[in-house]
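The values are calculated or read from the model by the stated rules, or taken from the named source; none is laboratory data. This one's a predicted model, so the numbers in the text were calculated from it and none came from an experiment. Neighbour counts are summed over all protein chains in view; Cβ atoms, including those assigned to glycine, are modelled from backbone coordinates with ideal geometry. Accessible surface areas use protein heavy atoms only, side chains included; no ligands, DNA or RNA. Shrake-Rupley method; radii C 1.70, N 1.55, O 1.52, S 1.80 Å.
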Amino acid sequence: MPSIRLADLAQQLDAELHGDGDIVITGGEVVCNVRDRAYFAAISGNNITISGDESRGDHVLVYHSINGNNITINSGKVEAYGSWAGIGPLDHDKPFNVTINGGHVIAKGNEGSAGIGSTAFHDMKGAITINGGVVEATCQYDAATIGGGYRGDMEGTITINGAKNAAVAILPAALLVSGKCRVENVPDISDVRI
């Protein structure tokens, strides 16, 4: 299937978006909901890029997951409420890369799946990079909000390139991880010195 491109929609689009190529959404109001139960995602494709202007009302609302091999969110408001992972991999055997450069991203995982990452019984392979914006990720049970699912391992990296004060929240959160956790590039500020 060729690429799907949606640009500056004047009215709400209510559909499922599935493609083997790229899916690019730039502006407008897009609501995606799974109609065909054969699909486990409302938006699925190899490369997915979402950009918009939240102050202009650009909004992507997804009921039932965004799944792709490479997902980039540049700006705008994106809400993904998954029956599994809110934002997750298209193929669990391939590396999964998510880059959030800005905007307001809300991702909710259900059934032991991560908000951003893998489903309950799969490993998370790849990289999740957050360069800016506001990210709210939630999950149920004992899954990671960002990373592996309930019974899946994290095989990759999570990089958060935030403001210097982000370390104040990241370091205490690392104490809650049952395994090893290495935090790098911590800024030298008095709040986190030992």
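Placing unit charges on the Cβ atoms only, positive for Lys and Arg and negative for Asp and Glu, gives segment 54-157 a dipole magnitude near 180 debye about its Cα centre. A compact globular protein would have a Cα radius of gyration near 2.2 N^0.38 Å; the ratio found for segment 19-171 is 0.95. Principal axis extents of the Cα atoms in segment 37-121, from largest to smallest and rounded to whole angstrom, are 38, 22, 21.
Comparing 26, 157, 72 in a Gaussian network model of the chain, where Cα atoms under 10 Å apart are tied by springs, the biggest mean-square fluctuation is seen for 157. In this structure the chain gives 52 Å² per residue of accessible area when probed at 1.4 Å with all protein chains present.
Please report the carbon-and-sulfur percent of the accessible area for segment 64-145; probe 1.4 Å, protein heavy atoms only, DNA, RNA and ligands left out. Using a 1.4 Å probe with all protein chains present, segment 64-145 comes out at 48 percent carbon and sulfur.
The value of relative contact order for the chain, using C-alpha pairs under 8 Å at least six residues apart, is 13 percent.
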